[in-house]
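Derivation of every value follows stated rules applied to the coordinates shown; laboratory data play no part. Note that the structure is a prediction, hence the values are computed from the model and not measured. Don't worry about glycine lacking a Cβ; one is built from the backbone with ideal geometry, like all the others, and counts go over all protein chains shown.
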Amino acid sequence: MSAPRTAMVMAAGLGTRMRPLTDSRPKALIEVAGKALIDHVIDPLVEVGVERVVVNVHAFADAMEAHLKARRDVEVRISDERARLLETGGGIKHARGLLGEDPIFVCNSDYVWMKPGRPALEELAAAWDPSRMDVLLTVIPKDRTLGFDTPGDFFQAPDGTLTHRGEAAEAPLHCFGIEIIDPTLIYIDPREAFTQRDTWLAASARKRLHGLQFEGLWMQVGDPAALKLAEARLK
């Protein structure tokens, strides 16, 4: 399958765990190794052929818009959530007019990675199969991650399908913030604000939630301590 040509980058969060750095700017504009977090995500999207990037904004939205206007290598559209945060699922639904109906990349804006070989997004696109999948998540074994403070998210079956940890004490795979989805499954949700996790669980029940594991080091930059770790590894 060819890579999606449209991506949603989630950048409307308040970044409370990153304070005091987010007292004056959005988390997505914090620099890691000399580059804003959001550019660590947009650059690989451009490299894989994405032509339109939709970014949702809330806190310090004007600063985010000003930063993104400087990009000339991709069309950037703003999905305005200044009035109300809509969570991940609601944010995608709100941006429907910008995203369209075809499969899209969805990326969080607080992740960076170091992967050998073939680019991760190219590999993800090659694995996407809409005949079997509604969602294809990047999932990383715990020993290849930094900055994650959860007991893990998913178990994976031999056929690649994912099951959420549920009531289990822990699971072996962290959900990393990069995926390909069929957005129509989110658009039909009647709610205005809701988490994308609900869509994952519904897809899992249908055996249409799949995961792809990668080599390398995958880092969540969620707080100042994680920021220092990520900078040290990238440099």
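Taking a Cβ cut-off of under 12 Å around LEU68, the surrounding Lys, Arg, Asp and Glu residues balance to a net charge of -1, with basic ones at +1 and acidic ones at -1. Pairs exceeding 28 Å between alpha-carbon atoms, taken from LYS207/LYS228; LYS69/LYS93; LYS27/LYS207: LYS207/LYS228; LYS27/LYS207. Computed about its Cα centre, the charge dipole of the chain is approximately 240 debye, with only Lys, Arg, Asp and Glu carrying charge at their Cβ.
Spatial offset of region 131-155 relative to region 9-30 amounts to 23 Å, using the alpha carbon center of each.
How big is the convex hull of the Cα atoms of the chain, per residue, in Å³? All intermediate terms of the calculation are to be shown ahead of the outcome.
Details: hull volume 29.6 nm³, N = 235.
Hull volume over Cα atoms, normalised by residue count, gives 126 Å³.
Each helix, a run of at least 4 DSSP H residues, gives -39500 (n - 2.57); summed and divided by the residues of the chain, these come to -7500 deg cm²/dmol at 222 nm. Region 180-235 and region 76-91 have their alpha-carbon centroids 17 Å apart.
In region 103-208, taking the dipole from charged Cβ atoms about the Cα centre, the farthest positive-side position among ALA169, LEU136, ALA157 is held by ALA157. For the pair ALA168 and ASP62, a Förster radius of 35 Å applied to the C-beta separation gives a FRET efficiency near 0.20, rounded to the nearest 0.05. The label point for ASP73 and the one for LEU146, both projected 7 Å from the Cα toward the Cβ, are 2.3 nm apart. Across region 198-213, coupling constants 3J(HN,Hα) worked out from phi with the 6.51/-1.76/1.60 Karplus curve, θ = phi - 60°, read 4, 5, 4, 5, 5, 5, 4, 4, 8, 6, 10, 9, 10, x, 10, 9 Hz, and Gly and Pro carry x. The calculated FRET efficiency for GLU31 paired with ASP102, based on their beta-carbon distance and R0 = 30 Å, is about 0.35.
The mean sequence distance of close C-alpha pairs (under 8 Å, at least 6 residues apart), as a share of the length of the chain, puts its relative contact order at 26 percent. Computed over neighbours whose Cβ is under 15 Å from that of LYS93, the net charge equals -4, Lys and Arg +1, Asp and Glu -1.
Can you give the net charge of the other residues whose Cβ lies under 11 Å from the Cβ of THR184, counting K and R as +1 and D and E as -1? Spelling it out: positives minus negatives among the neighbours equals -3. Antiparallel beta bridges, as assigned by DSSP with both residues in the chain, represent about 50 percent of the total such bridges.
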